[in-house]
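The values are calculated or read from the model by the stated rules, or taken from the named source; none is laboratory data. Remember, predicted model here, so these are calculated numbers, not experimental data. With ideal geometry, Cβ positions are generated from the backbone for all residues, glycine too; neighbour counts draw on all protein chains shown.
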Amino acid sequence: MIHLTRTEDEIEALRYEHFHHPHPRVQMTMAAVPLTALGLSRSVVARVAGCSETTVRTYLKAYQGGGIEALKHFSVGGSTSDLEAHRGSLREEFDQRPRGVCTKPSIGSVGSTGCNAARVKCGHTSNV
(Lines give C-alpha, C1' and ligand atoms only; values in the text may rest on other atoms or scores of the structure.)
Protein backbone atom coordinates (compact mmCIF):
# COMPACT_ATOMS: atom_id res chain seq x y z
CA MET A 1 0.00 0.00 0.00
CA ILE A 2 1.24 3.50 -0.83
CA HIS A 3 1.18 5.96 2.06
CA LEU A 4 1.77 9.59 1.23
CA THR A 5 1.99 12.54 3.54
CA ARG A 6 0.53 15.69 2.05
CA THR A 7 0.64 19.15 3.58
CA GLU A 8 -2.36 21.47 3.56
CA ASP A 9 -0.58 23.56 0.89
CA GLU A 10 -0.17 20.49 -1.33
CA ILE A 11 -3.80 19.51 -0.88
CA GLU A 12 -4.88 23.06 -1.71
CA ALA A 13 -2.70 23.02 -4.86
CA LEU A 14 -4.26 19.69 -5.91
CA ARG A 15 -7.75 21.11 -5.38
CA TYR A 16 -6.87 24.17 -7.43
CA GLU A 17 -5.59 22.03 -10.34
CA HIS A 18 -8.67 19.82 -10.06
CA PHE A 19 -10.89 22.76 -10.98
CA HIS A 20 -8.58 24.88 -13.14
CA HIS A 21 -6.44 22.56 -15.26
CA PRO A 22 -7.63 22.60 -18.90
CA HIS A 23 -7.48 18.82 -19.43
CA PRO A 24 -10.27 16.65 -17.95
CA ARG A 25 -8.00 13.67 -17.33
CA VAL A 26 -5.61 15.81 -15.28
CA GLN A 27 -8.61 17.19 -13.37
CA MET A 28 -9.66 13.62 -12.53
CA THR A 29 -6.14 12.83 -11.39
CA MET A 30 -6.04 15.91 -9.18
CA ALA A 31 -9.37 14.88 -7.63
CA ALA A 32 -8.22 11.37 -6.73
CA VAL A 33 -5.01 12.12 -4.85
CA PRO A 34 -6.48 14.41 -2.13
CA LEU A 35 -9.24 11.88 -1.44
CA THR A 36 -6.63 9.38 -0.37
CA ALA A 37 -5.36 11.95 2.12
CA LEU A 38 -8.76 11.72 3.80
CA GLY A 39 -8.14 8.04 4.44
CA LEU A 40 -10.51 6.73 1.77
CA SER A 41 -9.63 3.37 0.25
CA ARG A 42 -8.44 3.12 -3.36
CA SER A 43 -11.70 1.38 -4.30
CA VAL A 44 -13.79 4.26 -2.92
CA VAL A 45 -11.52 6.86 -4.52
CA ALA A 46 -11.76 5.00 -7.84
CA ARG A 47 -15.56 5.04 -7.73
CA VAL A 48 -15.67 8.73 -6.85
CA ALA A 49 -13.06 9.73 -9.44
CA GLY A 50 -14.51 7.50 -12.17
CA CYS A 51 -11.46 5.33 -12.75
CA SER A 52 -10.06 1.95 -11.72
CA GLU A 53 -8.19 1.11 -8.53
CA THR A 54 -5.12 0.42 -10.64
CA THR A 55 -5.38 3.92 -12.09
CA VAL A 56 -5.61 5.43 -8.60
CA ARG A 57 -2.47 3.47 -7.65
CA THR A 58 -0.73 4.79 -10.77
CA TYR A 59 -1.69 8.37 -9.82
CA LEU A 60 -0.35 7.86 -6.30
CA LYS A 61 2.93 6.44 -7.58
CA ALA A 62 3.31 9.36 -10.00
CA TYR A 63 2.62 11.83 -7.19
CA GLN A 64 5.06 10.03 -4.92
CA GLY A 65 7.77 10.19 -7.58
CA GLY A 66 7.27 13.71 -8.90
CA GLY A 67 4.61 15.61 -6.98
CA ILE A 68 1.89 17.65 -8.61
CA GLU A 69 3.90 18.28 -11.77
CA ALA A 70 4.09 14.52 -12.42
CA LEU A 71 0.29 14.32 -12.29
CA LYS A 72 -0.02 16.89 -15.07
CA HIS A 73 1.66 14.56 -17.57
CA PHE A 74 0.03 11.41 -18.81
CA SER A 75 0.28 9.07 -21.74
CA VAL A 76 -2.69 7.75 -23.60
CA GLY A 77 -1.01 4.58 -24.80
CA GLY A 78 -1.26 3.11 -28.25
CA SER A 79 1.20 3.59 -31.06
CA THR A 80 2.92 6.85 -31.86
CA SER A 81 2.79 8.55 -35.22
CA ASP A 82 5.73 8.31 -37.62
CA LEU A 83 5.62 12.12 -37.63
CA GLU A 84 6.56 12.23 -33.93
CA ALA A 85 10.24 12.15 -34.85
CA HIS A 86 9.71 15.36 -36.85
CA ARG A 87 7.63 17.25 -34.26
CA GLY A 88 10.21 20.02 -33.72
CA SER A 89 10.86 20.79 -37.37
CA LEU A 90 7.13 20.67 -38.21
CA ARG A 91 6.29 23.04 -35.33
CA GLU A 92 9.04 25.41 -36.48
CA GLU A 93 7.71 25.35 -40.06
CA PHE A 94 4.11 25.99 -38.96
CA ASP A 95 5.22 28.81 -36.67
CA GLN A 96 7.19 30.47 -39.49
CA ARG A 97 4.44 30.03 -42.10
CA PRO A 98 0.98 30.10 -40.52
CA ARG A 99 -1.91 29.34 -42.81
CA GLY A 100 -4.18 32.27 -43.51
CA VAL A 101 -7.68 32.77 -44.82
CA CYS A 102 -8.12 34.38 -48.21
CA THR A 103 -11.12 36.52 -49.08
CA LYS A 104 -11.15 35.07 -52.61
CA PRO A 105 -11.24 31.36 -53.44
CA SER A 106 -8.02 29.99 -54.85
CA ILE A 107 -7.88 29.01 -58.50
CA GLY A 108 -9.77 25.81 -59.15
CA SER A 109 -11.36 25.55 -55.71
CA VAL A 110 -14.87 26.40 -56.89
CA GLY A 111 -14.79 24.01 -59.79
CA SER A 112 -13.13 21.09 -58.02
CA THR A 113 -15.13 21.30 -54.79
CA GLY A 114 -18.38 22.77 -55.95
CA CYS A 115 -18.07 25.28 -53.14
CA ASN A 116 -18.42 28.96 -53.91
CA ALA A 117 -17.95 30.23 -50.37
CA ALA A 118 -16.55 33.73 -50.01
CA ARG A 119 -13.73 32.57 -47.69
CA VAL A 120 -11.65 29.42 -48.06
CA LYS A 121 -8.48 28.17 -46.44
CA CYS A 122 -5.45 28.57 -48.60
CA GLY A 123 -1.70 28.27 -48.41
CA HIS A 124 -1.02 32.01 -48.43
CA THR A 125 0.65 33.34 -45.32
CA SER A 126 -1.08 35.98 -43.27
CA ASN A 127 0.68 39.04 -41.92
CA VAL A 128 -2.07 39.78 -39.43
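Mind checking which residues of segment 1-28 are in a loop (DSSP other than H, G, I, E, B) and within 14 Å of Leu71 (Cα to Cα)? Residues satisfying the conditions are His21, Pro22, His23. For segment 35-81, how many residues meet the condition of being at pLDDT below 85 and closer than 14 Å to Glu17 by Cβ? Residues flagged as at pLDDT below 85 and closer than 14 Å to Glu17 by Cβ within segment 35-81 amount to 2. One residue stands out among those in segment 29-50 that are surrounded by 17 or more Cβ atoms within 10 Å (Cβ to Cβ) and within 18 Å of the chain's Cα centre (by Cα): the one that is farthest from Gln64 (Cα to Cα), which is Ala49.
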